[in-house]
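Notes follow the structure.
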Amino acid sequence: MSRPDDRGGSEPEAPMTPNDPAAPVRGVRVHCVLVAAGSGTRLGDRGPKAFVELAGRPLLAHALEGLARSGVVDSIVVVGPAGRIPDADAASRSALASAGWTGPLAVVPGGSTRQGSVVAGLAALDDLAAPDETDVVLVHDAARCLTPGAQIRDVVEAVVGGHGAVIPVVPVTDTLKRVGEASADGTEPVTATVDRAVLRAVQTPQGFTCAVVRSAHEFGAERAGDESLAATDDAGLVEAAGGQVVVVPGSMEALKVTTPWDLRVAELIVAGR
Ligand code: C5P
């Protein structure tokens, strides 16, 4: 599989289209639900995160261009902020056109939780592309807008290789402690040191066969409307339903832009590309 290893970000990413004959997943359709309906409150008072600008373009545009340039995505559903669908639609079409991507696109409103937004995206995907049970479905956070194409392709290839649920992960570098309830003075007692060697931090895109992601969301449907119960990732629903999830290496560039600090790091990554 001769692909540029763009995980480090120093190599310019080759523009590849779904019709690229070198594409590693010939014969398998790959769909992506891109969730971008988050409020972005932790980024400050800047409105919905999808439209916050990074190097002069919305986070949503960066995320879509990354998917397009991965060369393996055939159809895309963008799940946008409910009150801004015309804006999300215009930004999506413009970003994908500039990346030379011409596949089927739908832009639909999200829910009150990430899980609810994914459910809305999966329903829209049925209408847009009528996926087969064996097609690959990626669920990707728009907030991970600089995810390298190699990471997207690695996830797809692992699903095509026979794994029903695949997640990119990175090792945990901090020492981690478990803490107990805060005492009267507000300090929290340490109750344990957690073995970080067996822990991984989870990224997106998470890749599934269509059958696996559908049944996982059906299994977890009751949790979707309640933020305190809702799944923060889709693989968690597969696990809860008793399914097997495997990991592939993620990358630091796939950071989730959540805080103003993350945005500054993302600016540096873009400047270095
Ligand atoms: O809130 P969190 O950081 O987990 O968000 C991860 C991704 O899920 C973001 O891309 C965000 O836009 C999306 N999201 C969503 N609908 C929500 C909450 C989050 O699409 N209700």
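Which residues, taken from the range 31-47, are near the ligand (Cβ under 8 Å from one of its atoms) and without any contact (Cβ under 8 Å) to a residue 40 or more places away in the chain? The answer is G40, and nothing else. Residues in the range 221-243 that are touching a residue at least 40 places away in the same chain (Cβ under 8 Å), within 22 Å of A201 (Cβ to Cβ) and within 19 Å of the chain's Cα centre (by Cα): E227, A230, A231, T232, D233, D234, A235, L237, V238.
Scanning the range 208-217 finds no residues that are basic (K, R), over 25 Å from R29 (Cβ atoms) and either modelled with pLDDT under 95 or more than 14 Å from the ligand (Cβ to nearest atom) (or both). Filtering the range 172-189 for residues that are touching a helix residue (DSSP H, G or I) at 6+ places or on another chain (Cβ under 8 Å) and surrounded by 10 or more Cβ atoms within 10 Å (Cβ to Cβ) leaves a non-empty set.
Taking the range 51-146 and the strands (runs of 3 or more DSSP E) fully enclosed by it, the elements with 3 or more residues that are out of contact with any Asp or Glu (no Cβ under 6 Å at 6 or more places or on another chain) and more than 12 Å from the ligand (Cβ to nearest atom) are at 136-141.
The set of residues in the range 40-50 that are surrounded by 24 or more Cβ atoms within 10 Å (Cβ to Cβ) and assigned to a helix (DSSP H, G or I) comprises K49, A50.
The values are calculated or read from the model by the stated rules, or taken from the named source; none is laboratory data. It should be emphasised that the depicted structure is a prediction, and the values quoted were computed from it without experimental measurement. Cβ: placed from backbone, ideal geometry, glycine included. Neighbour counts: every protein chain shown.
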